[in-house]
Each structure stands twice: as C-alpha cells, then as structure tokens.
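All of the numbers you see were taken from the coordinates with simple rules; none came from a lab. What you are looking at is a predicted structure, and each value in this text was computed from that prediction instead of being measured. All Cβ positions, glycine included, derive from the backbone under ideal geometry; neighbour counts span all protein chains shown.
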Amino acid sequence: METGNNQENKVSIWCIVSMASIPLVMTLGNSMLIPVLPILENKVGITSFQSSMIITSYSVAAIFLIPVAGYLSDRFGRKVVILPSLILALIGGLIAGFASWKLDSPFTWIIIGRILQGVGASGAMPIVLPLVGDLYKDDEEKTSSCLGIIETSNTFGKVLSPILGSLFAAFLWFLPFFSISFFSLISIILIFFFVKVPKEKDDPVKLNDFLSNLKKTFKQEGKWLFTVFLNGLFAMLILFGVLFFLSENLEKTHDIKGIKKGFVLAIPLLLLCIASYLTGRNLKGKLKTIKKMMIACLIGTSASVLFVGYTSKKLILLLVVTSILGISIGALLPALDAIITENIEKEQRGTVSSFYSSARFIGVAAGPPVMSLVMNNYLNVSYITAGVLGVILLFIVFRFIKVEEIEINS
C-alpha cells in the first residue's frame, strides 16, 4: 500500500506542470495560426476557405486517431503513447515550417505537416485527462482541481496564441510553424523526466474483454456520455468559428492587424481562461454543481452567440459579446472534463475520454471552414442557428444528465 508521502511525491508540482504543458503546446499548435491565416492567404496565394483547412486538417487527423490512442493508453500505458505523439507533433511543425520557408508552392506540404501534427495531438492531449484520474485515483476533489489546471492551461494557450502568433509572424510569417516544434520539445523533456505513472499490479485487460466492458459502459452510461460529447463538440464549434470570424473581422472591418490584433483577440480568451481556472477550483467533484454549471454555461453561450453578427461593426460591443461567450465556454469545459474523468472506471477511462476529445476536435475542425462559408452572406443566420442549437442542447442536459443515476453507476 502506498503512503500519503509517496502519493504526494508522485503528483509533484513539476508533474502537474509537465501534464499541463501538453494542452498548452497542442493549443498553441492550432490556435496560434488563427491570427496568421490572413497573412498566409497573401503569402501562399490561397483563399480563406483553403486557409481554414490549415486548422481543420490538424483536427480531422486527430478525430479519427484519438480513440485508437485512448485504447493504446489503456492497454500499454499513458506515457508510452504520449511521448511518441509529441515527437510526431514536433516533426510535423518542422515539415510545415521548412515547406513555407523553402518552397514556392508550400500549401500541400503545410497540410501534410499539419496532418502529422494532428496525429501527434491525438496521442498526447486526450491522454492527459485519464492520466490525471490515474494519478489521483479516488480523490475527486484533487482530481477536479488538477483537471481545472489542465483545462486552464488549454485555455491559457488560447490566450497566448493570438499574441505569440502575431508576434512571430511579424518577424517571419512562417515562424509559428517552427515555434510549435520548439514548444513540443520542451513538453517532451518535461514529460520524460517528471511524470511518474503508477505501476500496474494487474495484467492489461485482453482486447475482447476490454471491448465487452466498453460496450457495457456505453450501455449503462451512454445517455449522459453522449450528452457530454455533444456539449464538447458544440463548445469548440462555437469557439473556433467565432475566433476565425473575429480574426478576419478585425482586419477587414476594423483595420486592426499584426500584434495589435493579437492582443485584441486575446481579450475574450483571457476571460475564458480565468473562468476555466475558477470553475476547476470550485467544482470539487460535486455532480449537482457540475450539472448546474453546464446549464448556466449553455444559457450564457446561447444568449451571447446570437449577437456576434449584429455587433460585428461595433468593436466594443463585439468584444463585450465575445467576452461573455468566452466566460461561458471557459466555465463549461472543466465541468465536462470532471464529469467524464471522475465517473468512468480506470480500465475504460482513456478510451471513453478519447471519444470526448474526438467530439471536441470535430468542433475545432468544423468551426473555421463553416464560418468561412457562411460569414459573407449568412452571418446573422448562422449565429442565430448556433443559439438555437445551444437551447436544444440545454434541454438534452436537463433530460439526460441525471445525477442520482450517474452516482449509483459510478
């Protein structure tokens, strides 16, 4: 039996920092390019839809491979999957950066590099959630708190992204690609030296038994799990769609460019980050609180997203509306992380949380291209539709997130 001191040593501050570096790096790897997309369009000679595919290709690659990575992490260990994945993300950044630097028509190779980064992201970022659950075992309060830090790191990456992306691009327009590789290297070093995964006493579950148990889990918990998946998809779809629109709108409507644009983009994201941190600290594994938070956040998201299009030509109002949206999404994400991680058995935790991460990546992948297609002719209609979807999702949460049933089954 492990002593309290051993447990404290195992989950050291540096261990938490190392785990938090993964979502930070993976978020920088995607979001940092959003403010750079208009520059890419000019330098590479591509349309706004093509530039949106630079974000989408990363996410699409991750969507399909995340469940595989989740299973492998359940079967062979979290760290064994995370480290090679971060190496792939590093290589992908080098390919995209070198192509942009040396080739006359680099778009295809940029996409290839981004796909490789997405493959790396699939085996790194989603595995952090079950890893936190493994390290803290049955301590729900510490699990919620650590998950809050992880999600805050994710959202802090979104705050830094527009500033760093704009800053790097001001020196060299393709420098953000190389910087992703540099940040990945730092994360590799941290994970290798500071994350000590608990040794398993039992033999890994065989594939047939694993699939049988997974099927049983979805049969018992499927209604609330799919509700959480839909929430994750919706939140990321809205967030990345709005960020893509805001990046384009600031340049074309308000003539705000470069580093200044990065700081303006960071305003709603900073509030998203603060909301994420405060929520994670105060949830403490309480399901009733988690459900209330989900409801409040969906109301805030649905109400604020309606007005994004209508305020697009009034900068201050636009920032107020997107800030409320950021707060709502920022508070929602730790609640979704907590309900997944704390109510699924360890043997299926990696795989189930990977399905949740895939749902989030679907939202990330769909947001920019959908927005590029609708923002010129159907801007207000698209945001009204998003608000209606949020209301529908609110009713689904009321119907299928039943606290008593989840507590009995978990």
Measure nothing fancy, just the Cα-based angle from helix 379-400's long axis to the longest principal axis of the chain, in degrees from 0 to 90, nearest 10. 10 degrees
At most 15 other Cβ atoms within 10 Å and a DSSP loop assignment: could you name the trypsin sites (Lys or Arg not before Pro) in the stretch 138-199 that fit? K196, K199
Relative contact order (%) - criterion: Cα under 8 Å, at least six apart; region: the chain: 27 percent
So how tilted is helix 78-102 from the main axis of the chain? Cα-based, degrees 0 to 90, rounded to 10. 10 degrees
Between the modelled labels at I186 and N282 (7 Å from Cα along Cα→Cβ) the distance in nm is 3.0 nm
Of the trypsin sites (Lys or Arg not before Pro) in the stretch 313-346, which ones lie in a loop per DSSP and count no more than 13 other C-beta atoms within 10 Å? K313, K314
Counting just the Cα atoms, what span does the stretch 19-137 cover along each of its three principal axes? Round to the nearest Å and put the largest first. 51, 21, 21
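Cα convex hull of the stretch 295-410: how many Å³ per residue?
So the per-residue Cα hull volume is 99 Å³.
Give the dimensionless ratio obtained when the Cα radius of gyration of the chain is divided by 2.2 N^0.38 Å.
Taking the Cα Rg and dividing by 2.2 N^0.38 Å, one obtains 0.94.
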Shape verdict for the stretch 252-338, please, from the Cα gyration tensor: rounded (a/c under 1.5), prolate (a/b greater than b/c) or oblate. oblate
Nearest 10, in degrees from 0 to 90: the angle of helix 315-341 to the longest Cα principal axis of the chain is 20 degrees
Translational diffusion coefficient (Stokes-Einstein; Kirkwood radius from C-alpha pairs) of the stretch 63-194 at 25 °C, 0.890 mPa s, in µm²/s: 154 µm²/s
Report the one residue of V25, A96, V374 whose Cα lies farthest in the direction of the positive end of the charge dipole of the chain (charges on C-beta: Lys and Arg +1, Asp and Glu -1; origin at the Cα centre). V374
